[in-house]
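Participant: One structure, pasted below without further comment.
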Amino acid sequence: MNILSLFNYWAVIGLMMIGYYCVIVRGNMVKKIIGLGIFQTSVFILFISAGKVLGGSTPILRDGVEIYSNPLPHVLILTAIVVGVATTAVGLALAVRVQEAFGSIDDDALDRHATEDEA
Amino acid sequence: MRDNAILVVIARFLIPLVMLFGLYVQFHGEYSPGGGFQAGVLFAAAWILFVLIYGLETGLRVIPAGVIYWLACVGVLLYCFVGLLGVILGGRFLDFYPLLDSPHTAQQAGIILVEFGVGVTVAAVVMLIFMQFARRRALCEKAGITFDDGTDA
């Protein structure tokens with residue numbers, strides 16, 4: 001067990017921080033949604049890595065195989081991927097509507113729009 | 001983008017390969033990683049690549065919008081039908097053993113049919129999501145709705 005044997009988890013940390021950075025720093029809503037997608041991917045890898053049993057095979061019953069990987073995280077993540085597609089579609093639809101209503105999907109421009117309306 | 005020779009040549013080369021890989025993932029899904037969800041998305045991705053190169057109108061000539069709606073429903077119905085067939089033939093919901101005499105063949109046939117239903121629905125729904133985004137502007141202009149989208153300001 002050296003530091004490289006935890007490579008999956010390092011990848012998870014890296015992807016999670018990249019996604020988090022995109023979500024909080026970028027003002028553009030589409031880029032925020034892309035960041036959310038990267039963040040989601042890191043969570044998927046975390047779960048799938050946790051479900052892997054070393055030396056285990058795919059969880060299909062057959063002869064000559066004794067150890068199986070845990071199929072539960074795979075099923076959970078399959079659902080999470082589908083939910084991720086749906087949330088991305090809803091987020092993009094909201095971005096389209098915001099663009100149509102205010103002429104911009106940038107946070108700063110929308111802030112200016114709001115303060116102009118107040119004034 | 002129809003004028004860009006590199007894009008057109010690469011896309012014409014890639015689209016059949018993406019579709020073939022989608023079919024492989026679909027029909028190999030019972031033994032290896034894969035199945036209806038992944039294959040459906042791959043198949044829809046091939047269509048979306050086609051639309052990006054040739055435009056939405058050409059893409060909708062390949063599969064009309066009505067057919068996509070229809071396919072999205074047919075996939076779910078196929079899934080439910082195969083599931084209920086097990087109940088009718090004396091098993092439980094999604095129980096494939098009563099479908100055929102040989103249990104091994106019955107299990108394979110059931111899982112292939114169910115995954116095919118999933119694949120068709122997922123492909124159709126992904127195409128629908130893309131189509132609704134792509135043609136929204138044109139539909140709004142046709143209906144006479146204009147938006148403050150910053151282009152004229």
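The values are calculated or read from the model by the stated rules, or taken from the named source; none is laboratory data. No experiment lies behind these values; they were computed from the predicted model shown. As a convention, Cβ positions derive from the backbone with ideal geometry for all residues, glycine included, and neighbour counts pool all protein chains shown. Note: areas computed on protein heavy atoms with side chains; ligands, DNA, RNA excluded. Shrake-Rupley method; radii C 1.70, N 1.55, O 1.52, S 1.80 Å.
Participant: For the range B:55-104, just the Cα set please: Rg and Dmax, both in angstrom.
Facilitator: Values for the range B:55-104 (Cα only, Rg and Dmax): 16.9, 50 Å.
Participant: Let me ask something additional. For the range A:18-119, which GluC sites (Glu not before Pro) are both in a DSSP coil and crowded by at most 10 other Cβ atoms within 10 Å?
Facilitator: A:Glu66
Participant: Among B:Ile88, B:Ile111, B:Ile15, which one shows the highest mean-square fluctuation when chain B is modelled as a Gaussian network with alpha-carbon springs under 10 Å?
Facilitator: Maximum fluctuation in the GNM of chain B, among the listed residues, is at B:Ile88.
Participant: Shifting gears a bit: So for chain A, averaging the separation of alpha carbon pairs under 8 Å that are six or more residues apart and normalising by length, what relative contact order in percent results? Spell out each step's value before the answer.
Facilitator: Working: 110 pairs, mean separation 27.1, N = 119.
The value is 23 percent.
Participant: Could you tell me how far the Cα centroid of the range A:60-110 sits from the Cα centroid of the range B:1-56, in Å?
Facilitator: Distance between centres, Cα-based: 20 Å.
Participant: Give the average, rounded to an integer, of partner chain Cβ atoms located within 10 angstrom of each Cβ in A:98-105.
Facilitator: For peptide A:98-105, the averaged partner shielding equals 4.
Participant: Whenever you get a sec, line up A:Asp106, A:Asp63, A:Asp111 from highest to lowest accessible area (probe 1.4 Å, protein heavy atoms).
Facilitator: Descending accessible area places them as A:Asp63, A:Asp111, A:Asp106.
Participant: Can I ask one more? Could you tell me how many degrees, from 0 to 90 and to the nearest 10, lie between the Cα long axis of helix A:29-51 and the main elongation axis, the longest principal axis, of the Cα atoms of chain A?
Facilitator: Between the helix axis and the principal axis of chain A, the angle is about 10 degrees.
Participant: Taking the Cβ of A:Ile38 as the center, what net charge do the other residues with Cβ under 12 Å away carry, scoring Lys and Arg +1 and Asp and Glu -1? List each step's numbers first, then the result.
Facilitator: On the way: positive: A:Arg26, A:Lys31, A:Lys32; negative: none.
Summing Lys/Arg as +1 and Asp/Glu as -1 gives +3.
Participant: What Kirkwood Rh does chain B have if only Cα atoms enter the pairwise 1/r average? Answer in Å.
Facilitator: Here the Kirkwood hydrodynamic radius works out to 17.7 Å.
Participant: Let me ask another. Trypsin sites (Lys or Arg not before Pro), restricted to the range A:4-92: which are DSSP loop and have at most 14 other Cβ atoms within 10 Å?
Facilitator: Working: sites: A:Arg26, A:Lys31, A:Lys32, A:Lys52, A:Arg62; in loops: A:Arg26, A:Lys52, A:Arg62.
When the trypsin sites (Lys or Arg not before Pro) of the range A:4-92 are filtered for loop state and at most 14 Cβ neighbours within 10 Å, A:Lys52, A:Arg62 remain.
Participant: Over 22 Å, how big is the tail of the calculated P(r) for the protein assembly as shown, in percent of all Cα pairs?
Facilitator: More than 22 Å apart: 70 percent of the Cα pairs in the protein assembly as shown.
Participant: Tell me the per residue accessible area of the protein assembly as shown using a 1.4 Å probe; a whole number in Å² is fine.
Facilitator: Computed with neighbouring chains in place, this is 64 Å² per residue.
Participant: So, with a 1.4 angstrom probe, what is the percent of accessible area on the range A:1-117 that is carbon and sulfur?
Facilitator: Details: 5560 of 7790 Å².
The computed percentage sits at 71.
Participant: Could you point to the residue in B:Phe50, B:Ala5, B:Val74 farthest towards the positive end of chain B's charge dipole, with +1 and -1 charges on the Cβ of Lys/Arg and Asp/Glu respectively?
Facilitator: B:Ala5
Participant: Follow-up question, since we're still on this one. Got the relative contact order for the range B:1-99 handy, in percent, Cα pairs under 8 Å and 6 or more residues apart?
Facilitator: Averaging sequence separation for qualifying contacts and normalising by length gives 18 percent for the range B:1-99.
Participant: Of the residues B:Gly40, B:Gly66, B:Gly22, which exhibits the maximal mean-square fluctuation in a Gaussian network model of chain B defined by a 10 Å Cα contact cut-off?
Facilitator: Fluctuation is largest for B:Gly66.
Participant: Could you compute how much accessible area chains A and B hide from each other, both sides summed, with a 1.4 Å probe? Nearest 100 Å² is fine.
Facilitator: Rounded to the nearest hundred, the buried surface is 1000 Å².
Participant: Please grab the % of Cα pairs in the range A:1-76 that end up more than 19 Å from each other.
Facilitator: Across the range A:1-76, Cα pairs with separations above 19 Å total 50 percent.
Participant: Ignoring any ligand, DNA or RNA, what whole percent of the accessible area of the range B:33-153 comes from carbon and sulfur when the probe is 1.4 angstrom?
Facilitator: Answer for the range B:33-153: carbon and sulfur cover 70 percent of the accessible area.
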